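The values are calculated or read from the model by the stated rules, or taken from the named source; none is laboratory data. The structure displayed is predicted, hence computed values, not measured ones. Methodologically, a virtual Cβ is constructed for each residue, glycine included, from the backbone with ideal geometry; neighbour enumeration extends over all protein chains shown. SASA here: full protein model, heavy atoms, side chains in, ligands and nucleic acids out. Shrake-Rupley method; radii C 1.70, N 1.55, O 1.52, S 1.80 Å.
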Amino acid sequence: MSIQTGDLFSGYGGFSEGAELAGLTTGYGANHWLPACNTFRANHPEAQVIQQDLSEADWSQFPQVPIMVAGPSCQGFTHARGKERKHHDKLRNTMWAVTNALECLEPEIVIVENVPEVQNWKLFPAWVETLRLLGYATETHVIDSADYGVPQHRVRWFCVGAKASKPMGLARSLERLKTPPMAVRDSIDWDFPRWSQINKPGRSPKLLAQVDRARRDLGTRRFLVPYYGSGSGKTGRSLDRPCGTIVAQDIWAVVDGDRMRMLQPHEAQRIMGFPGSFKAMGTRREQMRGFGNAVCPPVARVLVESILAV
């Protein structure tokens with residue numbers, strides 16, 4: 001009989017996708033956002049889907065499973081928007097929702113994902129201590145998805161807790177399973193029909209200068225460029241290396257000669273490491289948000305496989 005997982009703050013279900021690739025089955029996914037729930041249901045038809053604000057959940061109504069995975073909100077901790085939040089708000093409170101769930105449901109193993117900046121949170125030591133009081137021996141790993149077959153540099157913090165006297169000790173296994181970086185080039189759909197001219201009225205002078213520098217510095221007319229923000233500094237990004245981080249809003253544009261366009265959801269799907277058969281629900285904007293907030297399935301797979309091997 002296969003081991004079941006429960007996926008809290010499941011979003012598009014990257015954690016569950018990876019766990020299934022490692023041989024587990026998905027018991028349920030829980031999230032407040034309807035497009036995420038619809039997507040989870042479409043890709044995991046045998047699983048229960050719970051649409052609810054998990055900060056207010058009655059955990060006694062949730063199924064008990066041996067392995068729980070959780071991706072609480074990172075927006076209360078990340079510096080992606082230029083500054084750290086200085087107060088404890090509802091987004092940060094999603095971390096405590098995980099401990100509330102653990103207290104009630106008592107899975108044997110829990111894996112929690114967030115941005116590395118969560119470790120700078122003033123209440124982070126108290127959060128880790130809460131897991132200890134609940135009987136979990138914990139270890140943390142900061143993982144770049146580019147080390148595990150994903151054509152994207154995406155650095156995330158993972159906490160693995162086990163109902164045991166000592167941590168599972170996954171570091172050696174995670175190091176052994178690393179792979180060489182993948183180029184993002186093969187994830188780009190060069191036949192996509194909708195492009196616009198780079199030199200057109202209204203283009204940002206900063207963007208045009210960035211494109212000119214990239215052509216010169218990279219020696220090519222095909223590359224990625226951060227249309228919003230400064231993810232590659234003053235130039236573009238080579239297609240022969242992993243992409244920068246996919247986030248919940250449009251950032252990356254594809255440049256091909258004299259034309260350009262924004263990265264599309266089906267390309268984000270590939271760059272995140274989701275399988276080609278994956279079904280994303282919602283509008284284009286909702287799909288970009290869904291992929292940008294997801295856990296990369298290959299990283300989840302490696303973590304689960306390392307746990308099962310202990």
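Just one of the numbered conditions (1) open to solvent by 30 Å² or more (accessible area, probe 1.4 Å); (2) polar (S, T, N, Q); (3) closer than 18 Å to Gln287 by Cα; (4) free of Cβ contacts under 8 Å to residues at least 24 places away in the same chain is not true of Gln269: (1).
Of all residues in segment 1-23, those that are at pLDDT 95 or above, in a loop (DSSP other than H, G, I, E, B), surrounded by fewer than 24 Cβ atoms within 10 Å (Cβ to Cβ) and on the phi < 0 side of the Ramachandran plot total 2.
Looking across segment 177-195, the residues that are assigned to a helix (DSSP H, G or I) and open to solvent by 50 Å² or more (accessible area, probe 1.4 Å) come down to Arg185, Asp186.
Of the residues in segment 154-176, how many are crowded, with 18+ Cβ neighbours inside 10 Å and either in contact with a helix residue (DSSP H, G or I) (Cβ under 7 Å, 6 or more places away or on another chain) or closer than 12 Å to Leu303 by Cβ (or both)? Residues in segment 154-176 being crowded, with 18+ Cβ neighbours inside 10 Å and either in contact with a helix residue (DSSP H, G or I) (Cβ under 7 Å, 6 or more places away or on another chain) or closer than 12 Å to Leu303 by Cβ (or both): 10 in total.
Each residue in segment 17-33 was checked for being of a type outside the set (Gly, Ala, Ser) and in contact with a Phe, Trp or Tyr (Cβ under 9 Å, 6 or more places away or on another chain), and 5 pass. When only residues in segment 233-263 that are open to solvent by less than 10 Å² (accessible area, probe 1.4 Å) and of a type in the set (A, V, I, L, M, F, W, C) count, which is farthest from Ala209 (Cα to Cα)? Per the stated criteria, the residue is Ile246.
Residues that are open to solvent by 20 Å² or more (accessible area, probe 1.4 Å), within 16 Å of the chain's Cα centre (by Cα) and farther than 14 Å from Phe40 by Cβ within segment 274-301 comprise Pro275, Arg289, Pro298, Arg301, listed in sequence order. Within segment 196-226, the residues that satisfy the criterion of being within 14 Å of Asp258 (Cα to Cα), part of a helix (DSSP H, G or I) and not charged (D, E, K, R) are Leu207, Leu208, Ala209, Gln210, Val211, Ala214. Taking the listed residues Ala280, Ala253, Ala209, Ala248, the one that is among the small types (Gly, Ala, Ser) and touching a residue at least 60 places away in the same chain (Cβ under 8 Å) is Ala280, with no other qualifying. Pairing each residue of segment 179-205 that is in contact (Cβ under 8 Å) with a residue 12 or more places away in the chain and under 20 Å from Gly273 (Cα atoms) with any residue that is surrounded by 14 or more Cβ atoms within 10 Å (Cβ to Cβ) and aromatic (Phe, Trp, Tyr), provided the two are 6+ apart or on different chains, yields C-beta distances under 7 Å for Thr179/Tyr148.
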